[in-house]
1. Are there any pairs with C-beta distances below 8 angstrom linking a residue in region 1-30 that is touching a residue at least 40 places away in the same chain (Cβ under 8 Å) to a residue that is part of a helix (DSSP H, G or I) and surrounded by 10 or more Cβ atoms within 10 Å (Cβ to Cβ), with the two at least 6 apart or on different chains, and if so which?
2. Looking at region 98-132 only, could you name the residues that are in a helix (DSSP H, G or I), of a type in the set (A, V, I, L, M) and either in contact with an Asp or Glu (Cβ under 8 Å, 6 or more places away or on another chain) or surrounded by 12 or more Cβ atoms within 10 Å (Cβ to Cβ) (or both)?
3. Output the residues belonging to region 133-145 that are surrounded by 15 or more Cβ atoms within 10 Å (Cβ to Cβ), aliphatic (A, V, I, L, M) and without any contact (Cβ under 8 Å) to a residue 40 or more places away in the chain.
4. In region 57-69, is there at least one residue being of a type in the set (Phe, Trp, Tyr) and free of Cβ contacts under 8 Å to residues at least 40 places away in the same chain?
5. Examine region 9-23 for a residue that is at pLDDT 85 or above and in a helix (DSSP H, G or I), and state whether such a residue exists.
6. Determine which single condition Lys142 fails, assuming it passes every other condition in (1) more than 30 Å from Glu47 (Cα to Cα); (2) assigned to a helix (DSSP H, G or I).
7. Give region 70-95 a look and list any residue that's touching a residue at least 24 places away in the same chain (Cβ under 8 Å) and either hydroxyl-bearing (Ser, Thr, Tyr) or exposed (fewer than 15 other Cβ atoms within 10 Å of the Cβ) (or both), or say none.
8. Condition first: within 20 Å of Val148 (Cα to Cα) and not small (Gly, Ala, Ser). Can you find one or more residues in region 81-96 that meet it?
Amino acid sequence: MAGDLWTPVISMVGVAVGGALTHLTQRTTQRAADRAEEQRRAASQAEERRAEQIRTVLEFIRCALEAEGVAHARPPQWEVGDDWYVTARPAMDGLRIAEKSIELLCAPGLHSPTTAYARALNQAVWQERDEGSLAERLEPFKAEFLAVARRSLT
């Protein structure tokens, strides 16, 4: 008779333990699912950020090449408003915007080489030409920028 008295208590304890284990299992499973979702979201966000940085670097390269072309086409004498200037001004404005985009969206280590390359291009476009070829003067800045950009995107 004493065993009959404990049977409902043992059953209730069994139900409580089973319910607690079920709750614990569901909670652990939900936490794991939440962590997996957060990791997936972070990986997706990182990939989107990397793609945006690649587009930004490519746009700067495009603008730099355009500025270099303008520098090569620079006539010995020019005036504000002439054909060369009408091409040069928007090219250099685009370069400046692309430079600031790098500063805004890319790794801080890329800022200095980008600025140095943009300044060298700016001087090549607007200042009187020095001795030596334009390509020789720009190459060290271009090479440094490309090397740092490559490292920052990997």
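1. Every condition considered, no pair remains.
2. Ala98, Ile102, Leu105, Leu110, Ala116, Ala118, Ala120, Leu121, Ala124, Val125, listed by residue number.
3. none
4. no
5. yes
6. (1)
7. Listed by number, the list holds a single entry, His72.
8. Yes, region 81-96 contains at least one residue that is within 20 Å of Val148 (Cα to Cα) and not small (Gly, Ala, Ser).
The values are calculated or read from the model by the stated rules, or taken from the named source; none is laboratory data. Being a predicted model, the structure only gives us computed values, none of them experimental. Virtual Cβ from ideal backbone geometry, glycine too; neighbours counted across all protein chains shown.
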